[in-house]
Structures are given as structure tokens and as C-alpha cells.
Amino acid sequence: MGTTTQNVNQEGSKSSAIEGAADRPAGPVIAGVPAYNEEVAIGSVVHGVSEYVDEVVVVDDGSDDDTSKLARRAGATVLEHECNAGKGSAMRSLLSYAKSASYDALVVLDGDGQHLPDDIPNVVEPVLAGDADIVIGSRYSDDQTHDETPLYRRFGQTILDALTFVSVGANVSDSQSGFRAFSPTAVESLSLTTNGYGVETEMLSEATKKDLRIQERPINVRYKDVDGQTYNSVHHGIAVVALILQLIRDKHPVLFFGVPGIILTTVGTIYGVHAILLYQQSGVFYAAKVLTAGFVTIPGILAIFCGLVLNSVQRMITQSDTPG
């Protein structure tokens, strides 16, 4: 993780001078914007977000352009990483900053301009009302009326949503949305370790583990004329899937090891039985088939055994952590 240097612009970091905005949320609200090489959009993002919050905090994750300079000029508090460490690292810096601040809600959105600041009141409202600890701005909720998401992104998102549900049990329509609001309780409770884009899934895992209340609110996004500077969708998807598989391994070892083990054992057994039947019918011993069956079956049995053992260990740990 990159070393974090707090460069706080005290002058102009508060936007409370903008009083009486029509849809401004009631209560102190901080907006966090993780950013990497977003000099094209960061100024307008900060200006737009400032109309709805009391402070905008930009976490510059090792940009080599003028992201920090332009964010300060627009009136944001800027936290800088010396090198690019990933969105998860930026989120940890943002949560750490929020823990020492006074606020009723923290709202996080992307720095490339795809999220619309006028959705902030809708996303933050359940937190301010005390009805939720985490609110996800969903591009795909049932009451969403407009969706610019390209079809290939929507298809990939559906797969990630399903994997997220299997891994952490959070049934949400937009598991990878970067537009989220957090209560102070959520900020204090979330313990993040992921550096990359899997942080959205890790937050949901932490939230379900710690019984935080999750809601979704519809948002609109724009993809046209948005200058994306970080990773492409394939890289993003691979990173998220890798984290989800780790979560399944840790939370559901029987599923992670047992399913592949059963498949390998079944295939190996069928292959071995076929070799035996051929020997009985023709008298020819197919050594290659028998060896292949053994090399497939043995790892399968070991995987099943490993899953069962790890599941027992997990239950013992869970029981030891349960009070009383």
C-alpha cells in the first residue's frame, strides 16, 4: 500500500457557505472521491458535489497528472498517496479520515464524472434517517427508469452480482457500484484489506458479517464523454472474481473445495470403470486410462477431504468467537 501524505487544504475545504441548496441533505455530510489521473474531470466533480455536502475529500491515489492540484483549486481536501496502490487503498485512507471527522453520513462516488452529484440526496437520505448503515446507488434497481450501461457491462455485472450473493449472501442489484453512502457506524465497523477494485465486494462481505443494514437507491450514470483513466472492464472483472473466489474459499470451504472435488472424483471414477470394462471385454489393459483415472480421482478425494476439514475448523472458530 502506498504511503499516505495528508495534504489538507483548510481554506475552502468546507462548502457549507453554499447554504439553502434545494435538495441539500439535512445534517453534516462528507463526500469522498477516490481518484487516479482524473485531471480532466476532478474539478467539475468537486464543484458539483460541493453543492450537496459540507466537505469534499479527494484521495489522490498516486496520480502523475494534476489531479491533486485541480482538486485543491476546486476547494477539496486532498489526501495524497505517494504511489498508485488501488481503489481499496484509497478507500482505507478515506475511512481513516472520516473516523476523525464530525459528520452524519459519508458518501463516496467516482472521480471520473460518471456519477451525478444530484443523486447524492437520494442516496444519503436512508443513512441520515437512521434506516440504513450502507446505501448502494444502483444502476439496475427495479424503479430505475434510465440506464446507459453498455450491454456487455450489464452482462458482466449480472454475473458478479450472482457470485457476490453466493460468496457473501448480499442480494443486491448492483454489487460493484462505487456510489455509496455510509453511516458513522459503518465507517467504524468496516475493516478493509483489499487494495484493488474488489473493495466493493469486500465492503459487502464486511457489512453482512457485522449485521450492518444495507439498502439500495436508484441512480443514473453517464458513460458518454467520460474519460476513464484506470482499468478496463475485463481487468476490473478479473480482480473482483479473484476476490469473490477467496471469499467463497474462506466462508464456504465445502463449496469451494467440495464441488471441484466431487467433479474430479466422478470423472476419474467413470474413466477408471470404463478402463475396467474394456479390459473385461477385450483383455487389453489400458495402463494410460487407469493412471489418468487415478491422477484425477485422488486430487478429487483430497479436495473433498480438505473442504470437510476446513469447514469443521471454521465452525470451531465461529463457535469460539460467539459470546457465551
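Tabulated results
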{"quantity": "In nm, spacing of pseudo-spin labels at I276 and E188 (7 Å Cα→C-beta vector)", "calculated": "6.3 nm"}
{"quantity": "Largest-first ordering by accessible area, 1.4 Å probe, given options S177, S191", "calculated": "S191, S177"}
{"quantity": "Total formal charge among the other residues, if their Cβ is under 11 angstrom from that of Y103, Lys/Arg +1 and Asp/Glu -1", "calculated": "-2"}
{"quantity": "Accessible area, probe 1.4 Å, largest first, for residues Y103, Y36, Y279", "calculated": "Y279, Y36, Y103"}
{"quantity": "Point-to-point label distance, A288-M316, nm (Cα→Cβ direction, 7 Å offset)", "calculated": "4.5 nm"}
{"quantity": "Surface accessible to a 1.4 Å probe, T185 within the full protein complex, Å²", "calculated": "80 Å²"}
{"quantity": "Label point at N220 placed 7 Å out along Cα→Cβ; residues across the stretch 96-140 whose backbone nitrogen lies under 17 Å", "calculated": "113-123, 137-140"}
{"quantity": "The stretch 43-103: C-alpha gyration tensor shape, a/c 1.5 cut-off, then a/b vs b/c", "calculated": "oblate"}
{"quantity": "Cβ-Cβ FRET estimate between K99 and I301, R0 fixed at 51 Å, reported to 0.05", "calculated": "0.60"}
{"quantity": "With all protein chains modelled, accessible area of C306 [1.4 Å, Å²]", "calculated": "50 Å²"}
{"quantity": "HN-Hα J in Hz across the stretch 112-127 - Karplus 6.51, -1.76, 1.60, θ = phi - 60°, x for Gly and Pro", "calculated": "8, x, 6, 8, 9, x, 6, 7, 4, x, 5, 6, 7, 3, x, 5"}
{"quantity": "32 Å Cα-Cα threshold exceeded, pairs from K87/K210; K87/K251; K69/K209", "calculated": "K69/K209"}
{"quantity": "S141 long-range amide H proximity, modeled H, under 5 Å", "calculated": "I219"}
{"quantity": "L192, L70, ranked by accessible area, largest first (probe 1.4 Å)", "calculated": "L70, L192"}
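The values are calculated or read from the model by the stated rules, or taken from the named source; none is laboratory data. Note that this is a predicted model, so its numbers are computed, not measured. Here the Cβ is made from the backbone with ideal geometry for all residues, glycine too, and neighbour counts use every protein chain on show. Remember, those area values only see protein heavy atoms, side chains included, never the ligands or the DNA or RNA. Shrake-Rupley method; radii C 1.70, N 1.55, O 1.52, S 1.80 Å.
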